[in-house]
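We did not get these values from a lab; they are worked out from the coordinates using the rules stated. Because the structure is predicted, anything quoted here is derived from the model rather than measured. Because the Cβ atoms are built from the backbone with ideal geometry, glycine has one as well, and the counts that use them run over all protein chains shown.
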Amino acid sequence: MKIRHFQEVTSTNEVAKQYLEDGTVIVAEIQTRGRGRHTRTWHSPRGGLWCSLVIRHDPAPVLNLAVALAVSRAFEKFGLKTQLKWPNDVLVGDRKICGILSETEGDFMIIGVGVNLNNKDFPEEIAGTSFITETGAEIDKMQFLEKVVDAFNSVREQDFLDEYRKYSSTIGSRVMIKNGREITGTAVDVDEKGRLILKLENGKEMKIYSGEVLRLHQL
């Protein structure tokens, strides 16, 4: 792991495109134009962990799930239980504590990870939380990053989907998927490519590659 540390950047994913070397991690204290999924802005003040991992790998949505699981494992090391919302949000209850955005650049995947650690303020439109909000304690960001990277390296070398399923708050729930249209059904599983398997009202199954998940209720 080669860490490049910056005080302020527009986006760690953008900076990572200048350092395309397998195992590089870009870390910033502040992002001025942090990005989330679906072109949303990711609030990135001082106190959070804003980083991007550079990985030489064929594009694989399942790697997003692996990173989300690695973040959950890291939180457990510090005594905080989390759940995973497909495809790659990390939650405490219904509040988001981590988001992940991956992009491809040539032969590399750039996986941006935004983790709310010691930051306390969130935009009104975001149901957010942080480690310090949940526990009342601050956390060493670089120690947390080390735990995430160690967990990710371990996770990606094994069949981790069974473990992912145990953390999932999506599987077993009635959900609505928004991906250009609205699809309602029951999330029953994820497959080996990281796709969500949805059981529709007519009993048929559909594999969902991407989209925003709204949980209607737990079955």
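Legend: Rg and Dmax of the chain, from Cα coordinates, 16.7, 53 Å. Put in order of Cβ neighbour count within 10 Å, fewest first, the listed residues S154, S11, S52 become S154, S11, S52.
Mean sequence separation of contacting Cα pairs (under 8 Å, at least six apart), scaled by the length of the chain, corresponds to a relative contact order of 17 percent. Taking label points 7 Å from Cα along the Cα-to-Cβ direction, D162 and D191 give a separation of 2.1 nm. Calculated FRET efficiency, I183 to A137, Cβ-Cβ distance, R0 = 45 Å: about 0.65 to the nearest 0.05. Each of H5, H57 has some number of other Cβ atoms within 10 Å of its Cβ, and from fewest to most they run H5, H57. Taking the centroid of alpha carbons for each part, the range 147-219 and the range 66-128 are 16 Å apart. Short to long, the 5 Å bins of the Cα pair-distance histogram for the range 37-145 hold 2, 12, 24, 25, 19, 11, 5, 1, 0 percent of all pairs.
Students often get this wrong: which residues of the range 58-96 have the backbone nitrogen under 15 Å from the point 7 angstrom along Cα-to-C-beta of A127? Only 83-86, 89-96 fall inside the zone, counting backbone N under 15 Å.
Determine the shape class of the range 173-218: with a ≥ b ≥ c the square roots of the Cα gyration tensor eigenvalues, call it rounded for a/c under 1.5, and otherwise prolate if a/b is greater than b/c, oblate otherwise. In terms of gyration-tensor shape, rounded. When the Cα positions of Q18, H57, F78 are compared along the charge dipole of the chain, F78 comes out farthest toward the positive end, with charges on each C-beta of Lys, Arg, Asp and Glu. Residue order for V190, V71, fewest other beta carbons within 10 angstrom first, comes to V190, V71. Rg and Dmax, both from the Cα atoms of the range 94-201 and both in Å, are 16.6, 47.
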